[in-house]
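The values are calculated or read from the model by the stated rules, or taken from the named source; none is laboratory data. None of the values given here were measured: they were computed from a predicted structure. Because the Cβ atoms are built from the backbone with ideal geometry, glycine has one as well, and the counts that use them run over all protein chains shown. Keep in mind that these areas ignore ligands, DNA and RNA; they rest on the heavy atoms of the full protein, side chains included. Shrake-Rupley method; radii C 1.70, N 1.55, O 1.52, S 1.80 Å.
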Amino acid sequence: MTKEYSSVGSEWQQVRAELYTPEEIAECDLRVALIGEFIKARHEQNITQKQLEELSGVKQPVIARLERGTSIPSISTLIKILVPLGKKLAIVPIDAEVPSWK
């Protein structure tokens, strides 16, 4: 039996909570925040994807897929990309203030 969904009268947060587990939602939110911060850092430094390829050793198509959200990079790939941008990954408590991406 499949569940019928109607966009009439439903808000995204409600539908999202019905379709996905809290863990899936947290993973998606984290990925969106990470990609957004990555793109922001690259743009703030006026670095093209091609220039970032030269600085990081990560091929431009990989960088493009990461920015589109169509691939999930390994931690080592993320680090290779973030270091030339002067950034690093950090683990912080969940209740710490995070950028609003919702």
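Yes or no: LYS87 part of a loop (DSSP other than H, G, I, E, B) and more than 30 Å from GLN13 (Cα to Cα)? Step through it out loud before you land on a result.
Details: part of a loop (DSSP other than H, G, I, E, B): yes; more than 30 Å from GLN13 (Cα to Cα): yes.
Yes, satisfied.
Select from the stretch 52-61 the residues that are open to solvent by 80 Å² or more (accessible area, probe 1.4 Å) and not in a helix (DSSP H, G or I) and list them in ascending order. Steps first, please.
Initial filter on the stretch 52-61 (open to solvent by 80 Å² or more (accessible area, probe 1.4 Å)): 54-55, 59.
Selection gives LYS59 alone.
For THR70, indicate whether it is of a type outside the set (Lys, Arg), under 30 Å from GLN14 (Cα atoms) and either at pLDDT 95 or above or open to solvent by 40 Å² or more (accessible area, probe 1.4 Å) (or both).
On the way: of a type outside the set (Lys, Arg): yes; under 30 Å from GLN14 (Cα atoms): yes; either at pLDDT 95 or above or open to solvent by 40 Å² or more (accessible area, probe 1.4 Å) (or both): yes.
In short, yes.
Does any residue in the stretch 77-101 that is of a type in the set (Ser, Thr, Tyr) come within less than 8 Å, Cβ to Cβ, of a residue that is buried (at least 16 other Cβ atoms within 10 Å of the Cβ) and at pLDDT 90 or above six or more places away or on a different chain, and which pairs are these?
That search, which allows pairs on different chains as well, returns THR77/VAL58; THR77/VAL62; THR77/LEU66.
Would you be able to say whether some residue in the stretch 21-34 is in contact with a Lys or Arg (Cβ under 8 Å, 6 or more places away or on another chain), in contact (Cβ under 8 Å) with a residue 24 or more places away in the chain and among the hydrophobic types (A, V, I, L, M, F, W, C)?
Our first condition is that a residue be in contact with a Lys or Arg (Cβ under 8 Å, 6 or more places away or on another chain); within the stretch 21-34, this holds for 25, 29.
Filter once more, keeping what is in contact (Cβ under 8 Å) with a residue 24 or more places away in the chain: 29.
So of that shortlist, the ones also among the hydrophobic types (A, V, I, L, M, F, W, C) come out as none.
Taking every residue of the stretch 21-34 in turn, none turns out to be in contact with a Lys or Arg (Cβ under 8 Å, 6 or more places away or on another chain), in contact (Cβ under 8 Å) with a residue 24 or more places away in the chain and among the hydrophobic types (A, V, I, L, M, F, W, C).
Just to verify a result, which residue in the stretch 11-32, among those that are outside any helix (DSSP H, G or I) and surrounded by fewer than 11 Cβ atoms within 10 Å (Cβ to Cβ), is farthest from the chain's Cα centre (by Cα)?
Let us first name the residues in the stretch 11-32 that are outside any helix (DSSP H, G or I), namely 11, 20-21.
Still in the running and surrounded by fewer than 11 Cβ atoms within 10 Å (Cβ to Cβ): 11, 21.
Numbers: GLU11: 23, THR21: 18 Å.
Result: GLU11.
Here is a yes/no grid of residues against (1) of a type in the set (Phe, Trp, Tyr); (2) surrounded by 15 or more Cβ atoms within 10 Å (Cβ to Cβ); (3) at positive phi:
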site	(1), (2), (3)
LEU34	no, yes, no
LYS50	no, no, no
ILE63	no, yes, no
GLY86	no, no, yes
